[in-house]
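The values are calculated or read from the model by the stated rules, or taken from the named source; none is laboratory data. The structure presented is a predicted model; accordingly, all values stated were derived computationally and were not measured. Cβ atoms come from the backbone with ideal geometry, glycine included; neighbour counts cover every protein chain shown. The area values use the complete protein model at the heavy-atom level, side chains included, leaving out ligands, DNA and RNA. Shrake-Rupley method; radii C 1.70, N 1.55, O 1.52, S 1.80 Å.
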Amino acid sequence: MIDERLGHSPRADSPVPARPLLVAVCREPGPIADDELATLIEWGGLDPERGIETIHLLEAGAPEPEDIDLDRYWAVAITGSPFGIRPDPAHDAAHPPAGGLAALERMRRRVVALAARLVAEDRPTLALCFGLQAIGLALGGSLTSAQGEDLSAPHLSPTEAGLADPVAGRLPAALRGYVGHADSLSLGPDGALPGGGTVLLTGTTCQVQMARWGEHVYGTQFHPEITTEGMRIRIAQYGGAYYPPEERAAVIERCDSADVTGANALITAFASRYAHIPAV
């Protein structure tokens, strides 16, 4: 079994799950998409050949959320995305996916519908960045651009609920995780999350770095699926979009200097809780 509190270089070492993890991919194929899956496999202790199934929400032929047989999977992960969950006509027109703006709108609709279903059925879920925002919108929440974060690795702090949570509570006390986002989930006027969610991790700039809905639906604004090597891949891809090209050396330095293995361990903690529960 993994350590009671996960530290550096953890791996799930229990038997390979009998069912795969379903990954709803919200970006186009390429090095970043490949790296996401590789990190989920490695840190989740999954079978590289049979441990993951994917649906690509940008593709016209992908199944609609209501048609997916979720009983076939031990959990669902929703990936990050270079596309904002909120339509931005100027940005969308300048940076459309290969399938055009229709594919982008289809993907946005699908991810919100999938998020709504996962919350309604309280399915084990790990929604990453874009996925967290989709959950918030599915539950009638809103986003803010006032808490955006450049490519970096801020410190993440647990709330009291986070310390008691069966997944977040297993993370190291000293925790940093990679971020890079323009929007983030807003708290309501009463300081509450939409849909009765619970904030588990917070940060200096972004209030909602990790949250849970029901007993089993988790979302993160930070990226537990990005390792130091994975961030290098993203820095190479995102110059001119997520940071000015002339700042590349500074971005690499601040990202390379952070130990994010504690954040990566969230994947291990999530898999440790859910991957070996038999189908009902």
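Specify the residue that is most open to solvent (accessible area, probe 1.4 Å); the eligible residues are those in region 176-200 that are assigned to a loop (DSSP other than H, G, I, E, B) and touching a Pro at 6+ places or on another chain (Cβ under 8 Å). Within region 176-200, the match that is most open to solvent (accessible area, probe 1.4 Å) is G188. Looking only at residues in region 75-88 that are in a loop (DSSP other than H, G, I, E, B) and touching a Leu at 6+ places or on another chain (Cβ under 7 Å), the one that is most open to solvent (accessible area, probe 1.4 Å) is R86.
Taking residues in region 40-56 that are farther than 22 Å from T228 by Cα, and partners anywhere that are open to solvent by less than 10 Å² (accessible area, probe 1.4 Å) and small (G, A, S), the pairs with Cβ atoms closer than 6 Å and at least 6 places apart or on different chains are I55/A24.
Within region 39-68, being under 21 Å from R273 (Cα atoms) and in a loop (DSSP other than H, G, I, E, B) holds for G45, L46, D47, P48, R50, G51.
If the condition is being free of Cβ contacts under 8 Å to residues at least 60 places away in the same chain and either of a type in the set (S, T, Y) or more than 19 Å from A134 (Cβ to Cβ) (or both), then region 174-195 contributes S184, S186, P189, D190, G191. Just wondering, is there one or more residues in region 238-250 that are touching a strand residue (DSSP E or B) at 6+ places or on another chain (Cβ under 9 Å) and open to solvent by less than 10 Å² (accessible area, probe 1.4 Å)? For region 238-250, residues touching a strand residue (DSSP E or B) at 6+ places or on another chain (Cβ under 9 Å) and open to solvent by less than 10 Å² (accessible area, probe 1.4 Å): absent. Scanning region 203-241 for residues that are touching a helix residue (DSSP H, G or I) at 6+ places or on another chain (Cβ under 8 Å), among the β-branched types (V, I, T) and either within 22 Å of S257 (Cα to Cα) or part of a strand (DSSP E or B) (or both) yields V217, T220, I226, T227, T228, I233, I235. When A146, A93 are checked against the criterion of being in contact with a helix residue (DSSP H, G or I) (Cβ under 8 Å, 6 or more places away or on another chain) and aliphatic (A, V, I, L, M), a single residue qualifies: A93.
If a residue counts only when it is out of contact with any Lys or Arg (no Cβ under 9 Å at 6 or more places or on another chain) and either touching a residue at least 24 places away in the same chain (Cβ under 8 Å) or of a type in the set (K, R) (or both), which strands (runs of 3 or more DSSP E) contained entirely in region 89-173 have at least 3 such residues? Break it down into steps so the answer makes sense when it comes.
Values: elements: 125-128, 149-152, 156-158.
It comes to 125-128.
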